[in-house]
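Comments concern the structure below.
The values are calculated or read from the model by the stated rules, or taken from the named source; none is laboratory data. Just so we're clear, the structure is a prediction, and the values are computed from it rather than from any experiment. So basically every Cβ, Gly included, is an ideal-geometry build from the backbone, and we count neighbours across all protein chains shown.
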Amino acid sequence: MKRLSLACAFLAFSFGALAADYQLTDAQATYTVKHLIKTVLGTSQELRGKMSCTNGACEFLVAAPVKSFVSSDSNRDLNMQTVLESARYPLITVRGKLPEAQLGQESYSFPARVTFHNVEKEYPVTVRRKGAGGSGSLTLKLEAHGVERPSLLTVAIDDEVPVTFSFAWKVQ
Amino acid sequence: MSRFLFLLLTTLLVIPPAFAELELKDLGLGAEVVTASKSERRAQETLEQRHSMLKRHEVLGLATLGLMTATMLTGGSAVDSNVHMYLGMATGALYFTTAYYSLTAPKPAGIRDRGNIVWHKRLAWIHFPAMVLAPILGYMYKRNEENDRKSSALVKQHPTIAGIGFGAFALSAALMTVEF
């Protein structure tokens, strides 16, 4: 009986004792689209995310609805939704894993898997810590995700779309 | 001891194992958010049709602006040659075709205009009447000149009305291409 208790205690410890779940709060992401004659920003504040840390390793998942990105022009937002086929692929998700120890560092980098336009690609992400969260950036490549670059005056927008973000984690 | 064991087993059952990958349902996002419904697919088709029509509106609008500029530049020789008149007719035809693609493009319900598009549309209240009035006044002015008749004060305003229409149209096009 004593052995069984010890085994159970070990299993509980290894599965759950070091586990912590965090919920994303105060998050926003902004994309920057560059064109020969203009630069456009679009921001979403409807990000949802969760991070799970177990035994010194953290895994996170963040999702944002495509429609939630708003720029300074409603017509452009509709064009963006058309090009990204928002009705077919309504979500952009970012997931990744990183050592829990990194979260305490001033600045850290890790690979993130971004599913955008139903195509998953890996991008390096850099985060600068600020309180319980931080801010960072990654640069998406539209054609890598099968997105046909929209054009204005026959000139297509840049393939690279930098995305900056800020966030905070709240213990669940 | 049995209570201790019960607590441990309950903990094991309740806490998910470390290897379980996070899923969208963990974020409170169900299948209805991820999978496109019939109405969403229809909405996408509407967006695509709108996009295609507005793309034509853009191209035709820029062609109209080019022709309109040429028409304005040839205004001085309007009485001596027919170039200004023909350019004006071509501009008018392109202008109303451009307007057709804008006015008939489907728009998803519940979308409120915001940003430069608001002024792009407001300016149509200036250039549209000007584009109706300017050719009529121009035709009357040319006929009066050819028949040595005196034009009325309104007819004489043809260049002014055309100029206002041109200015409003050029500004409207600029609003959609340059970020102010």
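Applying the criterion of being at the interface with chain B (Cβ under 7 Å from one of its Cβ atoms) and closer than 23 Å to B:THR177 by Cα to the residues of the range A:54-84, the residue that is nearest to the chain's Cα centre (by Cα) is A:GLN81. Within the range B:88-99, can one find any residue that is assigned to a helix (DSSP H, G or I) and loosely packed, with under 12 Cβ neighbours inside 10 Å? Checked the range B:88-99: no residue is assigned to a helix (DSSP H, G or I) and loosely packed, with under 12 Cβ neighbours inside 10 Å. Put simply, of B:VAL59, B:VAL83 the only residue that is hydrophobic (A, V, I, L, M, F, W, C) and more than 21 Å from the chain's Cα centre (by Cα) is B:VAL83.
Give the number of residues within the range B:115-132 that are of a type in the set (Val, Ile, Thr) and in contact (Cβ under 8 Å) with a residue 40 or more places away in the chain.
Here is the first cut: in the range B:115-132, the ones of a type in the set (Val, Ile, Thr) are B:117-118, B:126, B:132.
Still in the list and also in contact (Cβ under 8 Å) with a residue 40 or more places away in the chain: B:117, B:126.
Qualifying residue count, the range B:115-132: 2.
Taking the conditions (1) within 14 Å of chain A (Cβ to nearest Cβ); (2) under 29 Å from B:ASN82 (Cβ atoms) in turn, B:PRO129 satisfies each one other than (1).
Scanning the range A:124-146 for residues that are among the aliphatic types (A, V, I, L, M) and either in contact with a helix residue (DSSP H, G or I) (Cβ under 6 Å, 6 or more places away or on another chain) or outside any loop (DSSP other than H, G, I, E, B) (or both), which turns out surrounded by the fewest Cβ atoms within 10 Å (Cβ to Cβ)? Walk me through it before giving the result.
First, pick out the residues of the range A:124-146 that are among the aliphatic types (A, V, I, L, M): A:125, A:127, A:132, A:138, A:140, A:142, A:144.
Remaining after also requiring either in contact with a helix residue (DSSP H, G or I) (Cβ under 6 Å, 6 or more places away or on another chain) or outside any loop (DSSP other than H, G, I, E, B) (or both): A:125, A:127, A:138, A:140, A:144.
Working: A:VAL125: 20, A:VAL127: 24, A:LEU138: 19, A:LEU140: 19, A:ALA144: 15.
Among residues in the range A:124-146 that are among the aliphatic types (A, V, I, L, M) and either in contact with a helix residue (DSSP H, G or I) (Cβ under 6 Å, 6 or more places away or on another chain) or outside any loop (DSSP other than H, G, I, E, B) (or both), the one surrounded by the fewest Cβ atoms within 10 Å (Cβ to Cβ) is A:ALA144.
Might you let me know whether the range B:25-37 holds any residue that is at pLDDT 90 or above and within 9 Å of another protein chain (Cβ to nearest Cβ)? Even if it seems obvious, please write down each step before you answer.
Of the range B:25-37, the ones at pLDDT 90 or above are none.
No, the range B:25-37 contains no residue that is at pLDDT 90 or above and within 9 Å of another protein chain (Cβ to nearest Cβ).
Across the range B:133-180, what is the number of residues that are in a helix (DSSP H, G or I), closer than 26 Å to A:ASN75 by Cα and free of Cβ contacts under 8 Å to residues at least 12 places away in the same chain?
Counting residues in the range B:133-180 that are in a helix (DSSP H, G or I), closer than 26 Å to A:ASN75 by Cα and free of Cβ contacts under 8 Å to residues at least 12 places away in the same chain gives 3.
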